[in-house]
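First comes the structure, then the notes that go with it.
The values are calculated or read from the model by the stated rules, or taken from the named source; none is laboratory data. All of these numbers come straight from a predicted model, not from anything done at the bench. Reconstructed Cβ throughout: ideal geometry from the backbone, glycine too, with neighbour counts over all protein chains shown. Accessible surface is based on the protein model in full, side chains and every heavy atom, while ligands, DNA and RNA are left aside. Shrake-Rupley method; radii C 1.70, N 1.55, O 1.52, S 1.80 Å.
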Amino acid sequence: ARANGSVVKYFVRPTDINGSFTSSPDAFGTFNAYVVSDNGINSIQDLQFSPYPNNQTIWHNDSISGVDIRGVVTATAMTQGTTNILTIQNGTALNSAIIVNRRPNDPTGSWRVGDSVSLTGFRVIESFGMTTLNNIAGTRISTGATLPNFVTMPIDTIAAISASAARRPELAPYEGM
C-alpha cells in the first residue's frame, strides 16, 4: 500500500531455470511507473502529470475511458503537420492545457473557441515532447465560456530555457497555453 499521490516505478525481471535473467525495460523502471490515486483521472493536470526528467506524461500510450475531464476550448484553427488540432484549458496554472488531435467525424469537429467541453475517452500520446489526446469521445457542455487569462513569461526566461537545445522539457508545463 502506498500513499495517495505516490509514484511507483516498476520493472519485470524474468529468470529462467538456469538463473539467467533480464530486466525489462530496465532495472530502474525509468519509464515504467504508475501513480496511486483514490480519485482517478479528473483533470488536464492529471493527464499532464510526469515523474520523468523529460516531462513525458505518465499516461503515454494509455487508452482512457469513463472519465470527465473538463475545460474550455481555447484554439481550433491550428495544424501540426497535416493534423488539425485544438487546445483545451482549465485554468492558468502549470499543466492546465492539452492538445487534441482532431479526426474526421469525431465530436471535436463542431467545437469552437469558448465552448465548455467534457472529455470522456481518448488515447494519450506523447509526440515530439508534447502530450496529445487522440480518438476523442466527449461532449460540448455549453458555449460562450470565459477564456482563461493569458500566462505571461518574461522573454529572458524563454530564451534561457531554449538556448541550450531545440526541445526543452522545462517548457512542457506551458504546452497548449
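Would you mind calculating the gained length between Ala75 and Asn42 on full extension (0.36 nm times residue separation, minus the Cα-Cα distance), in nm to one decimal? Mind showing how you got there, number by number?
Numbers: separation 33, 0.36 × 33 = 11.88 nm, distance 2.17 nm.
Using 0.36 nm per residue and subtracting the Cα-Cα distance, I get 9.7 nm.
Any idea what log10 I(q)/I(0) is at q = 0.11, 0.24, 0.25 Å⁻¹ for segment 1-70, Debye with uniform C-alpha scatterers and no solvent?
Listed by q, the Debye log ratios stand at -0.36, -1.13, -1.19.
At 1.4 Å probe size, with no ligands or nucleic acids counted, give the accessible surface of Tyr34 in Å², nearest ten.
Around 110 Å² of this residue is reachable by solvent.
Of all the accessible heavy-atom surface of the chain, with the other protein chains kept in place and a 1.4 Å probe, what percent is carbon and sulfur? Let's see the in-between values first.
Details: 5390 of 10200 Å².
Here carbon and sulfur together make up 53 percent of the probe-accessible area.
With every protein chain in place, what's the accessible area of Trp59 (1.4 Å probe, Å², nearest 10)?
Surface open to solvent at Trp59 totals about 50 Å².
Read through the labelled values (i) 23.8, 82; (ii) 18.4, 66; (iii) 23.5, 79 and report the label of the one computed as Rg and Dmax of the Cα atoms in Å from the structure.
Comparing each candidate, only (ii) matches the computed number.
Given a 1.4 Å probe and the protein chains all in place, what does the accessible area of Ile64 round to, in Å² to the nearest 10?
Here the accessible area works out near 20 Å².
So what is the relative contact order for the chain, in percent, with contacts set as C-alpha pairs under 8 Å and at least six apart?
Relative contact order here is 19 percent.
What ranking of Phe11, Phe21, Phe150 comes out by heavy-atom accessible area, probe 1.4 Å, highest first? Show your work: numbers first, answer last.
Working: Phe11 85, Phe21 115, Phe150 200 Å².
Descending order: Phe150, Phe21, Phe11.
How large is the accessible surface per residue of the chain, computed with a 1.4 Å probe and reported in Å² as a whole number?
Accessible area per residue: 58 Å².
For Ser127 and Thr15, FRET efficiency with R0 = 35 Å and r from the beta-carbon atoms, rounded to 0.05? Could the numbers behind the result be given before it?
Values: r = 36 Å, r/R0 = 1.02.
E between Thr15 and Ser127, to the nearest 0.05, is 0.45.
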